[in-house]
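Please read the structure below before turning to the comments.
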Ligand SMILES: Nc1nc2c(ncn2[C@@H]2O[C@H](COP(=O)(O)OP(=O)(O)OP(=O)(O)O)[C@@H](O)[C@H]2O)c(=O)[nH]1
Ligand SMILES: [Mg+2]
Ligand SMILES: [Zn+2]
C-alpha cells in the first residue's frame, strides 16, 4: 500500500501521485456499492498491483475536508472564480451563485477577472464590477493571461491559505468555457501544460476545450515544489444551488453579514419582511444589482 493524491480521473481510471511516482489505478468495487466515487483532490491509499507498470487499485479514500459540487473536487482550500470581462462577457448571476456555493462550503473565494487587455481604454465596466465585489468584502484580482499582468499576484494568492501562510494550498479554477482558465493555469505554471481553446465565432463562447479536472503541482522559479496545487477544470454556464436551504442563503451573502441582528425578525431573509435593515440599505451600502440577483436566486432555492 502507498498513500497519494488523486490528480486525474478519466473513464474509471485514476492517476494517483505518490512519493514513488504516479500510479494508474482502478477503484475497488466497494466504492460502487457504497456509492462513493473517488474525486480529484482525494487523498487515497493505493494497493499496488504491478510495481513496474505503476498499476494499482484505490483501496481507501481518506475523509474529505471539503467537497465542491461544481467542479467536483475534494480537499481544496480556495476557489478562484474566473470570468473574462469581455469575450465572453462576465455573467454576474453565475458569479453570485458560485460565491454562494463556495461560502456554503466555507471555502475562500478569489474573484479573478481575465482578458483585461481587451478592454477599450477608459472603459469603466471593470472598475465598476471590481468596486462592487471588493466593496462587498471579496478578494478581486484583475489579470490578463495574454499579457501576463496580475499573474504574479494570483500565483501568490493561490499558493497559500490566508490563515496559514507557511503551508501549501489547493486552489481550483472555476468558471465558464472560454474565459481563459487554462491560459491562466499555464501562466501560473510558467509552461504550456494545458490545452488552450479558441472561441466560437458565431456565439462568442468557449469551445469546452478542457474536458476533465486535473490537479497540478506548482513549482517555484528555482524548480522546487511549492507544496501548492492548482486544479484546472472544464467550463460550465449554469449552476444549480437548490440544495442550499433557502433560509441559509441570506447568511451566505457576504455584505448582508454586516447587518446581522439589525432586522426586526431574527430569521429575516431580507425579501418583503417589515423592518428589514438590509433592504433599507439597497442602493446605498448594498449594491442594487447584487441584491436583485440575490432575490432572483431565492425562488430557485424553493425549487419553483
Ligand atoms: N485577449 C485575451 N485572450 C485570452 C486571454 N486569456 C485567454 N484568452 C483566449 O481565450 C480563449 C479561451 O482560453 P482557454 O484558456 O482555453 O479558456 P478556458 O477557460 O480554459 O476554456 P474551457 O477549457 O473551454 O473551459 C483562447 O483563445 C485564449 O487565447 C487574455 O488574457 N486575453
Ligand atoms: Mg480550459
Ligand atoms: Zn432583513
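The values are calculated or read from the model by the stated rules, or taken from the named source; none is laboratory data. Bear in mind that the values here come from a model prediction, so they are computed numbers and not experimental data. Ideal geometry is used to build each Cβ from the backbone, glycine not excepted, and the neighbour counts take in all protein chains shown.
Residues in region 2-42 that are surrounded by fewer than 17 Cβ atoms within 10 Å (Cβ to Cβ), at positive phi and in contact (Cβ under 8 Å) with a residue 12 or more places away in the chain: 12, 21. Between 15, 45, the distinction of being within 30 Å of residue 237 (Cα to Cα) and outside any loop (DSSP other than H, G, I, E, B) belongs to 15 only. Considering every residue within region 201-222, establish whether at least one is without any contact (Cβ under 8 Å) to a residue 60 or more places away in the chain, surrounded by 20 or more Cβ atoms within 10 Å (Cβ to Cβ), over 21 Å from residue 105 (Cβ atoms) and within 16 Å of ligand 3 (Cβ to nearest atom). Checking region 201-222: not a single residue is without any contact (Cβ under 8 Å) to a residue 60 or more places away in the chain, surrounded by 20 or more Cβ atoms within 10 Å (Cβ to Cβ), over 21 Å from residue 105 (Cβ atoms) and within 16 Å of ligand 3 (Cβ to nearest atom). Given (1) surrounded by 15 or more Cβ atoms within 10 Å (Cβ to Cβ); (2) assigned to a loop (DSSP other than H, G, I, E, B), identify the lone condition not met by residue 262. Every condition holds for residue 262 apart from (1). The number of residues in region 207-237 that are farther than 18 Å from residue 192 by Cβ, part of a loop (DSSP other than H, G, I, E, B) and away from ligand 2 (no atom under 16 Å from the Cβ) comes to 3. Against the numbered list (1) at pLDDT 85 or above; (2) part of a loop (DSSP other than H, G, I, E, B), residue 187 comes up short only at (2). Taking the criterion of being part of a loop (DSSP other than H, G, I, E, B) and within 10 Å of ligand 2 (Cβ to nearest atom), the residues of region 196-206 that qualify are 196, 197.
Is one or more of the residues making up region 117-126 in contact with a strand residue (DSSP E or B) (Cβ under 6 Å, 6 or more places away or on another chain), touching a residue at least 12 places away in the same chain (Cβ under 8 Å) and buried (at least 19 other Cβ atoms within 10 Å of the Cβ)? Checking region 117-126: not a single residue is in contact with a strand residue (DSSP E or B) (Cβ under 6 Å, 6 or more places away or on another chain), touching a residue at least 12 places away in the same chain (Cβ under 8 Å) and buried (at least 19 other Cβ atoms within 10 Å of the Cβ).
For (1) within 16 Å of residue 174 (Cβ to Cβ); (2) modelled with pLDDT of 90 or more; (3) within 16 Å of ligand 1 (Cβ to nearest atom), each residue gets a yes or a no:
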residue	(1), (2), (3)
225	no, no, no
228	no, yes, no
232	yes, yes, yes
241	yes, yes, no
252	no, yes, no
272	no, yes, no
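Against the criterion of being exposed (fewer than 13 other Cβ atoms within 10 Å of the Cβ), in contact with a helix residue (DSSP H, G or I) (Cβ under 9 Å, 6 or more places away or on another chain), within 24 Å of residue 110 (Cα to Cα) and modelled with pLDDT under 95, residue 296 qualifies. Scanning region 176-195 for residues that are within 8 Å of ligand 2 (Cβ to nearest atom) and more than 23 Å from residue 98 (Cα to Cα) yields 194, 195.
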